[in-house]
1. Consider only pairs whose beta carbons are under 6 Å apart and that are at least six residues apart or on different chains; among these, list those whose first residue lies in the stretch 218-245 and is in the same structural domain as H168 (by TED's automatic domain parsing) and whose second residue is in a loop (DSSP other than H, G, I, E, B) and at pLDDT 90 or above.
2. From the list R174, R248, R186, exactly one residue is basic (K, R) and surrounded by fewer than 14 Cβ atoms within 10 Å (Cβ to Cβ). Which is it?
3. What's the number of the condition A69 fails, among (1) in a loop (DSSP other than H, G, I, E, B); (2) closer than 22 Å to G46 by Cα; (3) not polar (S, T, N, Q)?
4. Where in the stretch 262-376 are there strands (runs of 3 or more DSSP E), lying fully within it, with 1 or more residues that are modelled with pLDDT under 50, within 23 Å of T223 (Cβ to Cβ) and of a type outside the set (K, R)?
5. Filtering the stretch 86-100 down to residues that are at pLDDT below 85 and closer than 22 Å to G60 by Cα, which residue is surrounded by the fewest Cβ atoms within 10 Å (Cβ to Cβ)?
6. Could you identify the single residue in G112, G208, G162 that is surrounded by fewer than 15 Cβ atoms within 10 Å (Cβ to Cβ) and assigned to a loop (DSSP other than H, G, I, E, B)?
7. Against the condition under 20 Å from M52 (Cα atoms), in contact with a helix residue (DSSP H, G or I) (Cβ under 9 Å, 6 or more places away or on another chain) and not in a loop (DSSP other than H, G, I, E, B), how does N185 come out, does it pass?
Amino acid sequence: MAGRAARPTRPHSSAVIHVGSRAEIHKPTKLNDGMISEMKILIVVGARPNFMKAAPILKGIREFNSRRAEWAEEIVPVLVHTGQHYDSQMSDAFFADLELPKPDVFLGVGSGSHAEQTAEIMKRFEPVVIKEEPDALVVVGDVNSTFACALVAAKMASRANGRPVIAHVEAGLRSSDRSMPEEVNRILTDQISDLLFVSEPSGSKNLGAEGIAGDRVYFVGNTMIDSLHEHEAKAEHSGVLARFGLTRGEYVVLTLHRAANVDDSECLLEILDGLNWLAASHRVIFPAHPRTQKQIREHGLESYLRCRRIDYERWHAGIQMVEPQGYLDFLFHASRFATIQNARSRRKSERTCWRAREERRSVLLFRGSLSFAVGR
């Protein structure tokens with residue numbers, strides 16, 4: 001790789017907080033016959049789904065560096081956490097469970113509307129790219145951080161020394177519902193990325209239908225499945241059953257946090273009403289996102305979240321709202337549950353679930369890999 005001209009610099013934004021020192025992590029590089037001996041890659045995460053997708057990539061980089069040949073470039077990863085998931089319990093627990101390194105850069109963006117959050121990520125991420133001068137940017141999934149950071153890098157094309165190569169992991173997935181913010185993020189990120197790494201054959205087909213050249217698309221598999229295989233044995237030792245007094249196969253897990261489902265009081269009430277038949281005879285464990293907890297309180301729906309005993313000998317029935325669960329605990333649930341109720345409209349890699357979504361005001365039932373989606 002040829003050397004690059006120095007980029008002009010500007011004062012580093014005070015909003016960007018460096019919490020790790022790569023000088024302590026990476027040894028100084030050496031030049032081999034005039035060739036640059038390292039490739040710097042920014043890897044962006046912002047929300048929990050990103051963590052599972054990025055963990056195998058970072059592990060693969062560590063393994064490559066440990067056994068690379070003398071002539072091969074060292075890959076220097078720079079992990080950037082935008083802070084889109086701002087709850088420390090939700091973020092820190094997943095970093096620990098997935099054995100992710102401490103982020104090199106934490107942007108601390110926090111919550112806001114889609115426009116506010118996307119703009120704030122861009123504003124705080126741009127100085128990081130200018131300062132780090134990466135060779136490549138890797139974004140994963142479909143959250144606001146994914147698109148915002150890709151757009152920052154794409155708009156640096158007008159700079160004298162160009163911009164980093166943009167790679168999108170989990171490219172090409174589509175729900176065909178552009179009312180979903182995630183769908184907009186997927187489509188736009190794919191259009192401005194140079195390398196598109198798809199996790200399933202439908203991804204390649206979707207990208208081809210959108211006019212994206214095949215030489216930009218690579219079918220590489222699903223890094224979320226890599227994370228699952230890496231940690232499923234450890235998840236077996238989770239203490240979540242004892243913590244909540246649960247019996248294997250005799251409880252239901254509910255997730256409910258999509259904005260379209262929880263911000264509208266009528267929609268949220270309809271979902272909780274729809275769960276009454278299940279909560280009447282089953283104990284439903286509901287790890288609630290802070291946003292969902294807030295909306296339930298504001299809409300005055302706490303009365304739906306009550307556990308009760310069926311009889312003296314049998315466990316309680318009803319919906320029990322608990323704090324967000326870590327990756328290993330939820331992986332244990334997913335491998336041992338009777339049912340998972342997932343009221344979030346998105347492509348997932350789950351063994352069995354019911355997913356609530358609204359599309360064309362009709363009730364749709366999707367069957368595939370023991371996955372069902374229900375909606376209005």
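The values are calculated or read from the model by the stated rules, or taken from the named source; none is laboratory data. Since the model is a prediction, treat every value here as computed from it, not as a measurement. Methodologically, a virtual Cβ is constructed for each residue, glycine included, from the backbone with ideal geometry; neighbour enumeration extends over all protein chains shown.
1. Taking only residues 6 or more apart or on different chains, the pairs are N222/S199.
2. Values: R174 fails: surrounded by fewer than 14 Cβ atoms within 10 Å (Cβ to Cβ); R186 fails: surrounded by fewer than 14 Cβ atoms within 10 Å (Cβ to Cβ).
Within the list R174, R248, R186, the selection yields R248.
3. The one condition A69 does not meet is (2).
4. On the way: elements: 283-287, 307-309, 316-322, 339-343, 353-356, 371-374.
Ranges flagged: 353-356, 371-374.
5. Of all residues in the stretch 86-100, those at pLDDT below 85 come to 86-93.
Okay, now just the ones that are also closer than 22 Å to G60 by Cα, so 91-93.
Details: S91: 23, D92: 11, A93: 20.
Filtering first and then ranking leaves D92.
6. On the way: G112 fails: surrounded by fewer than 15 Cβ atoms within 10 Å (Cβ to Cβ); G208 fails: assigned to a loop (DSSP other than H, G, I, E, B).
Just a single option satisfies the conditions, and that option is G162.
7. Numbers: under 20 Å from M52 (Cα atoms): yes; in contact with a helix residue (DSSP H, G or I) (Cβ under 9 Å, 6 or more places away or on another chain): yes; not in a loop (DSSP other than H, G, I, E, B): yes.
For N185, the condition - under 20 Å from M52 (Cα atoms), in contact with a helix residue (DSSP H, G or I) (Cβ under 9 Å, 6 or more places away or on another chain) and not in a loop (DSSP other than H, G, I, E, B) - is met.
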